[in-house]
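Colleague: I'd like to ask you about the structure that follows.
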Amino acid sequence: MKRAKTQQGEKIPVGISQCLLGDKVRYNGEHKRSNFCTEVLSQYFDFESYCPEVAIGMGIPRKPIRLVQTAVSDDHPIEALGVDDPSLNPSSALRDYAHKTTKALDHLRGYILMQKSPSCGMERVTVYHPNGNPLHHKGVGLYAEVLQNECPLLPIEEAGRLNDPGLRENFIARVYAYDRWKNLEDSLTPKALLDFYSDYKYLIMAHDSQAYHSIGNLLSNMKARPLNDIAHDFIHLLMDTLKKPATRKTNTNVLMHIQGYFKKSLNSDEKQELSQVIDQYRVGSIPLIAPVILLQHLLRKHPNDYLERQAFLRPYPEALGLRNAV
Ligand code: SF4
């Protein structure tokens, strides 16, 4: 599929709940525009919008639905029923649409869902007792549930959670990592897989040092198993690892590894400045972008191929400015 180009490069195809783009598709004829999606991310992502409730013909406006614990079947104890008219039950239609749609989403590199929706909510959707009382808040929208099950590698996040700087940074880093992987997948060779891993080593370490070792072990004997099997395990491990939040502590650990890797090239002033900046980041006085910029500056003065290619230093376009807030 041909990609749209912008000043920022090629746009990455990402799915989104249609109401988040400002389209008036909600049950009440309104929208839930996300300014971050429409004004910032739209410069980098080519959004493909989906509204499951409209797609199955519920119309605009329409009767609102909610999740109800009906226990009508062991397979689907939760159904989406009409709020005012419980005989309205579009659950099968929503699930069928989700199964059909998710089969054709292989080109997407991420998906942003509308929170709290009985169709699109990724988690913490309110589930009601048939008598109308709230039962718990652990529900998942019927479309979102199928999407998450059928596309386990796809980075998926809710628009509401993107207001959190850490979650926002994490999601976008995952989208860019997944995009890079998908672009490589069809022409994968053992060397290309090892190169990809090399580029992501420090980013993996920042998210989970145990996984860093597991992935290293997985790739340590490329002749042990067919390449496709190793690649399958690798990308599942990688995407699961990147979901885990990096912390100030784990990022500091990575910064110190990088510092150690090229300390022989630095003079004493540079070493001291780098140590100070890493320490200021460690104690929370400055954001992650500060030591990263200093490292990039030092790498320009003291080139090092292995470090320059690290996704940890540039996981997504810098203009997004996401590391100013973490
Ligand atoms: S939350 Fe999902 S189903 Fe509801 S209006 Fe938005 S896109 Fe449509």
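Colleague: Taking only Cα atoms, what is the 0 to 90° angle, nearest 10, from helix 268-282's long axis to the longest principal axis of the chain?
Modeller: Taking Cα atoms only, the helix is inclined about 20 degrees.
Colleague: Report the label-to-label distance for Ile293 and Leu88 in nanometres (one decimal), using points 7 Å from each Cα along the Cα→Cβ vector.
Modeller: Between Ile293 and Leu88, the simple spin-label model gives 5.2 nm.
Colleague: With a point put 7 Å past each Cα toward its Cβ, work out how far Ser275 is from Lys24 in nm, to one decimal.
Modeller: So the label points at Ser275 and Lys24 sit 6.4 nm apart.
Colleague: Here is a further query. How big is the charge dipole of region 164-237 about its Cα centre, in debye rounded to the nearest 20, if each Lys and Arg gets +1 on its Cβ and each Asp and Glu gets -1 on its Cβ? Display every interim value, and only then the final one.
Modeller: Values: 8 positive and 10 negative charges, 35 e Å.
So the dipole magnitude of region 164-237 works out to roughly 160 debye.
Colleague: Just want the answer: with Cβ charges of +1 for Lys and Arg and -1 for Asp and Glu, which residue in His297, Asn228, Gln310 is farthest toward the dipole's positive end in the chain?
Modeller: After comparing all options, I get His297.
Colleague: Taking every DSSP beta bridge that has both residues in the chain, what percent is antiparallel when rounded to the nearest 5? Intermediate values should be presented prior to the final figure.
Modeller: Working: 10 of 23 bridges.
In the chain, DSSP labels about 45 percent of beta bridges as antiparallel.
Colleague: Relative contact order for region 5-163: what is it in percent, counting Cα pairs under 8 Å that are at least 6 residues apart?
Modeller: Working: 313 pairs, mean separation 34.0, N = 159.
That works out to 21 percent.
Colleague: For the cross-link pairs Lys100/Lys191; Lys100/Lys182; Lys2/Lys103, which exceed 26 Å when the distance is taken from alpha carbon to alpha carbon? Please report the intermediate quantities before stating the final value.
Modeller: On the way: Lys100/Lys191 36 Å; Lys100/Lys182 21 Å; Lys2/Lys103 20 Å.
Checking Cα-Cα distances, Lys100/Lys191 exceed 26 Å.
Colleague: Enter the mean projected area of the convex hull around the alpha-carbon atoms of the chain, in nm², rounded to one decimal. Walk me through the numbers on the way to the answer.
Modeller: Working: hull surface 77.5 nm².
The orientation-averaged projected area of the Cα hull of the chain comes to 19.4 nm².
Colleague: A further question follows. Considering the dipole of the chain built from charges on the beta carbon (Lys and Arg +1, Asp and Glu -1) around the Cα centre, which of Pro77, Tyr281, Gly132 is farthest to its positive end?
Modeller: Value: Tyr281.
Colleague: Mean projection of the alpha-carbon convex hull of region 120-239 over all orientations, in nm²?
Modeller: Details: hull surface 37.6 nm².
Reported value for the Cα convex hull: 9.4 nm².
Colleague: Moving on to the next point. Largest first and to the nearest Å, give the Cα extent of region 5-163 along each principal axis.
Modeller: 54, 30, 28
Colleague: Would you work out the charge dipole size for the chain about its Cα centre, treating the Cβ of every Lys and Arg as +1 and the Cβ of every Asp and Glu as -1, and quote it to the nearest 20 debye?
Modeller: Details: 40 positive and 37 negative charges, 138 e Å.
Dipole of the chain, to the nearest 20 debye: 660 debye.
Colleague: If one computes the Cα centroid of region 254-294 and of region 137-211, what distance in Å separates the two points?
Modeller: Measuring centre to centre over Cα atoms gives 27 Å.
Colleague: I would also like to ask the following. How do the peptides 58-67, 19-28, 262-271, 189-198 rank, highest first, by the average count of neighbouring beta carbon atoms within 10 Å per residue? Don't skip to the end; give the middle numbers.
Modeller: Details: 58-67: 17.3, 19-28: 18.8, 262-271: 12.5, 189-198: 14.2.
My ranking of the peptides, most packed first, is 19-28, 58-67, 189-198, 262-271.
Colleague: Please report, in debye to the nearest 20, how large the charge dipole of region 164-326 is about its Cα centre when each Lys and Arg carries +1 at its beta carbon and each Asp and Glu carries -1 there. Intermediate results must be reported in sequence, preceding the final value.
Modeller: On the way: 21 positive and 18 negative charges, 49 e Å.
Dipole size: approximately 240 debye.
Colleague: Tell me, what is the Rg over Rh of region 164-326, with Rh the Kirkwood radius over Cα pairs? Please list the in-between numbers first.
Modeller: On the way: Rg = 16.2 Å, Rh = 16.5 Å.
A ratio of 0.98.
Colleague: Per DSSP H run of at least 4 residues, take -39500 (n - 2.57); add these up for the chain, divide by its residues and hand me the 222 nm value, nearest 500 deg cm²/dmol. It would help to have the intermediate numbers written out before the result.
Modeller: Numbers: 11 runs with 137 residues, N = 326.
Rounded to the nearest 500, it is -13000 deg cm²/dmol.
Colleague: Give the aspartates and glutamates whose C-alpha is closer than 12 Å to that of Lys32, dropping any in the same chain fewer than 8 places away, or say none.
Modeller: Partners found: Asp23.
Colleague: Taking the 0 to 90 degree range and rounding to the nearest ten, how far is the long axis of helix 289-301 tilted relative to the main principal axis of the chain, both from C-alpha atoms?
Modeller: It is inclined by approximately 40 degrees.
Colleague: Can you find, among Ile12, His31, Leu142, the residue farthest towards the positive end of the dipole of the chain? Put +1 on the C-beta of Lys and Arg, -1 on that of Asp and Glu.
Modeller: Ile12
Colleague: Oh, and also: Report the relative contact order of the chain, percent, no decimals, based on alpha-carbon pairs under 8 angstrom and at least 6 residues apart. Can you show the working numbers first?
Modeller: Working: 473 pairs, mean separation 41.2, N = 326.
It rounds to 13 percent for the chain.
Colleague: Please give me the summed charge of the neighbours of Pro152: other residues whose Cβ is under 12 Å from its Cβ, Lys and Arg +1, Asp and Glu -1. Don't jump to the answer; show the numbers that get you there.
Modeller: Numbers: positive: Lys243; negative: Glu150, Asp240.
Overall, the nearby charge balance is -1.
Values in this text are rule-based calculations from the coordinates and carry no lab data. As the structure is a prediction and not an experimental result, all values here were calculated from the model. No Cβ is skipped: glycine too gets one built from the backbone with ideal geometry, and neighbour counts run over all protein chains shown.
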